[in-house]
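Data first, discussion second: the structure below is written as structure tokens.
Just so you know, all these numbers are worked out from the coordinates, no wet-lab data involved. Quick caveat, the model's predicted, so the values are computed rather than measured. When we count neighbours, we look across all protein chains shown, and the Cβ atoms used for this are built from the backbone with ideal geometry, even at glycine.
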Amino acid sequence: MATESEPIYQVKLLAALRTGDLATIQPYLSDIHKHAQDKDNDFGALALHLAIRCASVETVQLLLNQRSISPNATHPPNSLTTPLHLAASIGRADVVALLLDQPEINDTARDAQGKTALEVARTKQVQQIISDSQSLLQESFRSLLRTYVLSPINASPPPSLLRLLTSPRARLLDLSYLDESTGTTLLHEAAKRKDMKLMEHAVHAGADVFVRDRKGRGVAEVAGKDERVKAYLKQFANQDISLLDIPSSEPPVLRGYLSKYGNVAKGYGTRWFVLKDGILYYYRHRDDENYACRGSISMHSATLKTNSGGDRLRFEIKTATSPATGSTPSLIGTNTPTQKWWMKANHPAEVARWTNAIQRSIEWCKRERDKDKASSSASVKTKRSRRQTKTASVGSSMVGLGDSGVMVAGHEEISGSTSLDGESMSSESGSQDTEVPPYEDQFELHANTTTTQLELTSHLRLPPQSPELTECLSLVRKYVDMVREREEWWRERVKREKEKVGVWEESLGIVVREGEALERELRERAGKRKSRIVSTAHPNSADPFDRGFSLSSPPEPMNADAAQDVPESSLPSSSALKTPTPQHPEPSTPVPAVRPSQPIPVPVAPPPPPLEEEDIDTDEEDEFFDAIEANTLPNLVVSAPLAATPKAPIQSAFLDPEIFSSYAHLRSKMPISDDNRPSISLWSALRNNIGKDLTKISFPVSFNEPTSMLQRMAEDMEFSECLDAAAAEEDPHRRIAFVAAFAMSNYSSTIGRIAKPFNPMLGETFEYVRFDKHYRYMSEQVSHHPPISACWAESPKWHYYGEVDAQNKFMGKSFEIRPTGVAHVDLKIPQEWVRGTVSRASSKEPEKADTVTEHYSWKKVTTNVSGFILGSPTIDHYGEMTVVNHRTGEKCILTFKPRGWRGKDAYEISGRVLDSSGRPTYEIAGRWNSQLVARAVSPDGSILGGHFPDVSESSGFSSPSSLTEHRYILLWRNTPKPKAPFNLTPFAITLNDLPADLQPVLCPTDCRLRPDQRAFENGEYDLANELKSKQEDFQRQNRKRREERGETWHARWFDKSVDPDTGERVWQPRRKGDGLEYWAARERIVKDSSTADTWVDVQKIFIDTPKQ
């Protein structure tokens, strides 16, 4: 180092740092250690600043690991520019994040211009990183204060709290923060405990000795009669560092209690004052700051007077009047022409603090006003200059065109040549088709390197062909090439965006015109609408609503061998679907007896008078949905599996009562009776995460509900009877309609479910068994990024499987959840039901000779959650769901209608069943919060019997075919949902149940064994929050250990493959023999419980449950 001049040394150091090679950098690190005590030449600071400019983040980390290199070292020495200043100013977000992780970092330091790193940050991303780090620091202080307050009175403060107060970042802390539960501050608590050392640290860190607690008491008041504490406070009051004139481009901010004079009768009253953004506000109490301002004065027009009336503790502030008009220029919060406030403090130092801050705020407002005047004057001059330049350029353009066409050529060079169809022909590399600009990850770094190289080389006296100059020339040429290519990319991108904007503007105009036309048409039809709901009341009744159809009449006696279709009247009445009670007595004519497999014939009133043709479509469609909602459809046929009758347990290999005895009695209520979670603003947690993926946002545990995402996924199985009905249905078109009903049924459980389920840990599992519904279910979290959950459910007649892989985003006013995973169902149907050629390509397991497997698949629709900012969150589902039968090619398309701002189409679903040729065979309608029905349509798509088939008594119901044409088929009906904590459904309440005999045989990764979720269900929210944090840390440690060992995570119970029918990814369960490997392991654990047998190849993913 001594033999080389400093400029040459810097050039060589720069070249070494750019390589990132430890062997090349090591000699320079040795020199830095050797000269660490040389204060005149801080080569460690030089190396760190050069690395931040042009080296990788790994190289910067290497330098920061050296003890002789400080993360706060300034370079050049007189510039006061810290490494954080430099990294923030050039936009190196990765380096900024690395520096903020250093324990000794000081992000309160100011450069020669008096600016902090946050103020010089080049990009919003860097600003966000610094702000997030400072917010995290504040949260850490609040947590440590909480720990200190709750500790025994004679306990020492936490060491981490002392370290935080003595760190350079202590200036960022709000040391006047009031603990939420006790309403005390750090100084109050230290004074109460007579902890002089902590008080000293706090005041040196910037704590306000005049701060008051929630009861309005000063620090000295809680210290009692201890004169030592009062002497300390008096000493610290005379050393108030807030009086120092620290240069800043921002207006001063100050908060605190002062006494304000009201009138002669009231005298002085204590009020909370806030000075920010050049305005002084006052409030009755500190807690009112975000709600009710009592008054305010703008510093733009204020004057300050101290030592008012000879009282050292009193000062006054008033608004000045404009000399030109005699009126007040700007007053906020008042309509009076002039305001004057008299205020008093408790100590001369407190008066000095407030008057100093107010005076600086007045000066800041004056500077801002002068800047505005200067900018407005410059703006006028600029506009004049532009007009003159424009006139001159027109003349010069004409000359250019007339002389040699230079301007034309220049124009083509700038805009790029285009073909006749408008597509750009200027790019040969095709880089415009990429999603990011060329050299996005190295452009800024290369620019910094080039600048630094030129700066260092400029200090050297080198011959023309020296390697240093050659290197500079090479860097500049490469940088110019990068700039040209990026410029071409951006030019093409701007052109495309302009074309898109033009198309959108044109489309928007069309939409607006169509919307206006539809509104006019709806207003015209709304006046002509008449109710025509079919009824069964007395035919002489004049009021059509008095003849409402009721489904609650008693049924004819039935034997146990009833056919599969059961009349609707045999169903128990649902509290969620009550029908209007007829006001007139039922007709005396008895209802003819029918077989259970037929619908109940209903006498109907004479048809209403014909309406105009334009009224029929819209009105009948509206009344059709109203009739479904009111449960007044005639001739409604219910399949036996949908009848609400308990099923007898089935003895089968996969529902052995000995193995699954714990599921014999499921719970019906939660351990807690009320949702008493701490109240936290959802908007405050989300406002900084607009556009982000929900799975990457860390929420407090208070936003959760006591279920895992795996259990929320299992709620798809609540209405498995729809699959039972499908497996028992011979007609393939009705069969796919029942499968579609099952696909949409799970949305009924989302009403009011705003709380978020716990995110599963990687490898987390869930199992569930229902004896009454004859199925068993298991799932596993097979991927963490992106989060993917796979499941498998099996019953004697069907299999259900699939994955949850959704794209989640917070859009500012709403959540948007777009599922991308595919759901599958395999139905096992008798061979004799199959017509034509049988395809067995979709079968996932060996088939019996007398059965055929039909494979169905679909994707879920988009879910939207809105209204949470206003406190009235609403869940809606919209889009198209297409269920495909891959054996026959038939489809069922369900359309979930968006809610709309008036809620008119809330919950509404419409759809059709299409045969393999695309012709409709059944129409489907209903609401996803109540029920879904289907009715046959003719080959041309018209409704058989109209929207409300009127069957006269003369027809006599003697023709079975006529009866079939006029009947409605119940595909699905919602169950009652009594009020429960977190709006959980009765089905969801059973999922997290953990009986004593189930816990020993569960897989250790089952989500019911997760400690934080269990604590949350028991209402221990603080404990749940603590355990959630520990659980996430444990998962990160596991991932880090796998990375260090070079291991790759593999799902334990599922394997990834490609479905041959859909061509999409599918997670298939691992098999062992004729069944699943999971259930085989589960059976072994139960039967071999006497031995020390455990689950094989199952890793520990949960933290240990804390002891009670």
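Annotation: amide H of R927 within the under-5 Å range of I909, sequence separation 5 or more or interchain, hydrogens built in the peptide plane. Phi-derived couplings, Karplus 6.51 cos²θ - 1.76 cosθ + 1.60 at θ = phi - 60°, listed residue by residue for the range 165-176: 5, 8, 7, x, 7, 4, 5, 7, 7, 8, 6, 8 Hz, with x used for Gly and Pro. The calculated FRET efficiency for the pair T147 and F703, based on their C-beta separation and a Förster distance of 30 Å, comes to about 0.80. For E764, the residues whose amide H sits under 5 Å from its own are Q781, ignoring neighbours fewer than 5 places away on the same chain, with H placed 1.01 Å from N. Note that the range 24-34 has calculated 3J(HN,Hα) couplings of 6, 7, 4, x, 5, 5, 5, 4, 5, 5, 5 Hz, one per residue in order, obtained from phi through the Karplus relation 6.51 cos²θ - 1.76 cosθ + 1.60 (θ = phi - 60°); glycine and proline are x. Legend: residue pairs K266/K318; K115/K366; K500/K860; K266/K340, Cα-Cα distance threshold 24 Å; pairs beyond threshold, K500/K860.
Taking amide H as placed 1.01 Å from N in the peptide plane, D1055 has its amide H under 5 Å from the amide H of Q1068, R1070, each at least 5 places away in sequence or on another chain. Counting other Cβ atoms within 10 Å as a rough exposure proxy, the listed residues S68, S639, S779, S872 run S872, S68, S639, S779 from fewest neighbours to most. Panel order for Y28, Y268, by other beta carbons found within 10 Å of each beta carbon, from fewest to most: Y268, Y28. Going from the residue with the fewest nearby Cβ atoms within 10 Å to the one with the most, C892, C54 rank C54, C892. With the highest mean first, a sort of the peptides 310-318, 287-295, 714-722 on other beta-carbon atoms found within 10 angstrom per residue produces 714-722, 310-318, 287-295.
In this simple spin-label approximation, E487 and L508 carry label points 7 Å from Cα along the Cα→Cβ vector, and these lie 3.2 nm apart.
The calculated FRET efficiency for E368 paired with T270, based on their beta-carbon distance and R0 = 30 Å, is about 0.40. Taking 25 Å as R0, compute the FRET efficiency from the Cβ-Cβ separation of Q138 and Q113 and round it to 0.05. About 0.45, to the nearest 0.05.
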